[in-house]
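J.: Quick one: the structure is below, questions incoming.
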Amino acid sequence: AVPDRIYAAPACEAPEPATPASDEPPWAQQHEGLDRLAGLADGAGVLVAVIDSGVDATHPQLAGAVVPGLDLLDAGGDGRVDCVGHGTAVASIVAGRTRPGTAFRGVAPAAGIIPIRVSERLDEETGGRAAPLAEVAAAVRRAAERGARVINLSLTTDRDDQALRDAVRYARGRDVLVVAAAGNRY
């Protein structure tokens, strides 16, 4: 039987933010030529939902970017906590703001982030909690209804789930770009 769960990042203690090694932009950022986007597009006015392990709203490069979202693991939470760091890393790639002494920035540094916390694990072997697929599907719908123009799902499942398919179809019908992981396994 295939489990009715998604897989994202491994459970762990809240990670410490990485200290930049230099003022040199990371190789990937140089390779992608993000500097060519300056003046063309910066994500201003765009909300991106990150359905993942939550997003640490206190991360210095995400200051002011993270709006209250949803926490499907802890009642009353708003998704702005990330005990494993995966969702925060994804949100930083999207909307990381420039900061003195740090050359890294996101591809859309003026975008806003709606965090939706659904998991704190990579696979069944690493443990940690994960929301059922029905709740992930509901999160996709809720992100679209809250005004997300982009929904990022950096998580995988090996189950073909009709509710999740319908939720993605719903979001696409609202002209939302849905970005999904191809898989965390080989």
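The values are calculated or read from the model by the stated rules, or taken from the named source; none is laboratory data. This structure is a prediction, so every number in the text was calculated from the model and none was measured. Ligands, DNA and RNA are excluded from the accessible area calculation, which covers all protein heavy atoms including side chains. Shrake-Rupley method; radii C 1.70, N 1.55, O 1.52, S 1.80 Å.
J.: I'd like the Kirkwood hydrodynamic radius of the stretch 86-186, using the inverse of the mean 1/r over distinct C-alpha pairs, in Å.
T.: 14.8
J.: What number comes out for accessible area per residue over the stretch 76-142 if the probe is 1.4 Å? Units Å², please.
T.: Averaged over the residues of the stretch 76-142, the accessible area is 38 Å².
J.: Let me see the pair-distance distribution of the stretch 38-89: every alpha carbon pair, 10 Å bin width, integer percents in order.
T.: 24, 51, 20, 4, 0
J.: Heavy atoms of the protein only, probe of 1.4 Å, neighbouring chains included. What is the accessible area of Thr58 in Å², nearest 10?
T.: Estimated to the nearest 10 Å², Thr58 gives 110 Å².
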